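As structure tokens, the structure follows; a few thoughts come after it.
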Amino acid sequence: MSDYFNEITEKVKELVRINSVEAPALPGKPFGEGVAEALHYMLELGKSLGFKTTNYDNYVGEIEWGEGEKTLGILCHVDVVPAGKTEAWKHPPFSATEEDGKIYGRGTMDDKAPAVICLYAMKTLMDEGFVPKQKIKLILGCDEESGWQCMAHYKKVAKMPDYGFSPDGSFPVIYAEKGILHLKFDFFTNSFLSIIKGGERPNMVCDECYAYAPIPYHAESFRMTLADGKKQNYILPVSKLLVRQFGLDVRADGTVKATGKSAHGSMPEKGENAILTILKYLEGVGAVGPEIREIFFDDALGLTKLHDETGYLTMCPGIIDKGEFDKFISLTVDIRYPASLKKEEVLDKFIRNGIKYTVLEHQPPLYVKKNDPLIKTLLGVYNEVTGRTSRPIAIGGGTYARALPLGVAFGPEPEDEEATVHEPNEYISLKCIKETYGIYTEAIKKLTE
């Protein structure tokens, strides 16, 4: 068997060093320069290894091998979530620094290393003279972390594989993924001139949040007209006591800043949400009421009590926004609901309590029976290679497996390592790369022999 471990490690580093956070569209580059560069890197690497490659308008690409009536799809993505606070990283987030048997960097685990590993698993089988009885497509999406426009485009210009897996979850194998709802709420406030900003993506725990009143409006003599026509002096007070209590930073212009810890939106308990800290502070100085905090952090509606075998509903307020003269505070919330529920059962909780919302995105749950041949094959390979006796699991994350007629998530997060995706100091260990390389090579072979 060819051993490409060292080459894989170097290629992972090169890919991670490309900052492929989605950026404003450019001509011919719908997700910005960095994402297009990362896609080009992977396609050129695939071509250099002897595979056929196709770039579908910089929305998505594919690396193809073999022939057959059926097609196995391996769905990865080259875009990454923002790095967040760089000072929270022990190494620069796009440096791909190797230390103590780990490669640190945004996208190492999610999802750049798995994409490179699967490509070299195909190359290894090719070198061995293996001839797959099915076509194999390694599909490289560019918008997985934001809206899946890449998959929508792929379905327009190409044929989605018959079945497959996404190396964008956890081992041993994932038979179910919760439903995902991104909802936007608008809450009326009389604090017209207090500005609130926090969060970059709905699917990340907010790690920085700011609140302030613009400098001209800190004068006690300034008077503003409220919605009811009355006038009052306006100032956003800076309470030294509350600043100390909540560990806030204060600038000379009156800006208060809360610092938290980012985490994946499906596991909000692993992070520290800076939005909550700012809300508590603003409540303390009388700038906002308790409604937002009570609904989304104290769970006044009982949403997080909903559960089934795939777990409990999770709720992560990821973005908060209020402009200078806005009458509403806007909150975007990531909700992951149990796979046996319907989205209407979740939305009804808000409807019955008179809380209006806008659905920004919805991904229905994924559920594959545990005795399905795809699950049994992948689980068998995993247990054989690792010597374990593991069973299928369910997760709150959402993967490209949902885009397939029949698909599951399969690795790369090890069972015995803490997940760091969407967090500072995201990493993949060299041990994980080596073991995953063997698992994916054997899995591709078993599925297509």
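Annotations
- The set of residues from region 55-72 being crowded, with 23+ Cβ neighbours inside 10 Å and under 21 Å from the mean Cα position of the chain (by Cα) comprises Tyr59, Val60, Gly61.
- The lone exception for Lys370 - which of (1) more than 28 Å from Gln149 (Cα to Cα); (2) of a type outside the set (Phe, Trp, Tyr); (3) outside the structural domain of Pro172 (by TED's automatic domain parsing); (4) touching a residue at least 60 places away in the same chain (Cβ under 8 Å) it fails: (3)
- For region 414-424, the criterion of a residue being outside any loop (DSSP other than H, G, I, E, B), of a type outside the set (A, V, I, L, M) and in the same structural domain as Ala113 (by TED's automatic domain parsing) is satisfied by no position.
- Counting only residues that are among the aliphatic types (A, V, I, L, M) and outside any helix (DSSP H, G or I), region 356-376 holds 4 of them.
- Among (1) at pLDDT 95 or above; (2) within 22 Å of the chain's Cα centre (by Cα), the one test that Ser146 misses: (1)
- Filter pass, Thr97 being of a type in the set (S, T, N, Q) and within 26 Å of the chain's Cα centre (by Cα): yes
- Selection within region 98-127 - of a type in the set (Ser, Thr, Tyr) and under 20 Å from Glu413 (Cβ atoms): Tyr104, Thr108, Tyr120
- Residue match in region 48-55 (condition: within 22 Å of Glu426 (Cβ to Cβ) and either of a type outside the set (D, E, K, R) or outside the structural domain of Ala115 (by TED's automatic domain parsing) (or both)): no
- Answer residue from region 382-405, given it is in a loop (DSSP other than H, G, I, E, B), in contact (Cβ under 8 Å) with a residue 12 or more places away in the chain and more than 25 Å from the chain's Cα centre (by Cα) and is farthest from Lys270 (Cα to Cα) among those: Arg388
- Output for region 36-70, where each listed residue is of a type in the set (D, E, K, R) and within 26 Å of Gly147 (Cα to Cα): Glu37, Glu44, Asp57, Glu62, Glu64
- Filter result for Leu379 (crowded, with 17+ Cβ neighbours inside 10 Å and in a loop (DSSP other than H, G, I, E, B)): no
- For the residues Glu64, Glu7, Glu98, Glu87, the requirement of being assigned to a strand (DSSP E or B) and more than 21 Å from Cys142 (Cβ to Cβ) singles out Glu98.
- Qualifying residue in region 292-299 (condition: within 15 Å of Ile196 (Cβ to Cβ), over 24 Å from the mean Cα position of the chain (by Cα) and surrounded by fewer than 20 Cβ atoms within 10 Å (Cβ to Cβ)): no
- Number of positions in region 352-376 that are β-branched (Val, Ile, Thr) and either surrounded by fewer than 12 Cβ atoms within 10 Å (Cβ to Cβ) or in contact with a Leu (Cβ under 6 Å, 6 or more places away or on another chain) (or both): 2
- If the condition is being basic (Lys, Arg) and part of a loop (DSSP other than H, G, I, E, B), then region 17-43 contributes only Arg17.
- In region 44-56, the residues that are assigned to a loop (DSSP other than H, G, I, E, B) reach residues that are basic (Lys, Arg) and surrounded by 18 or more Cβ atoms within 10 Å (Cβ to Cβ) with C-beta atoms within less than 7 angstrom, at least six apart or across chains, in these pairs: Leu49/Lys123.
The values are calculated or read from the model by the stated rules, or taken from the named source; none is laboratory data. This one's a predicted model, so the numbers in the text were calculated from it and none came from an experiment. Note that each Cβ is placed from the backbone with ideal geometry, even for glycine, and that neighbours are counted across all protein chains shown.
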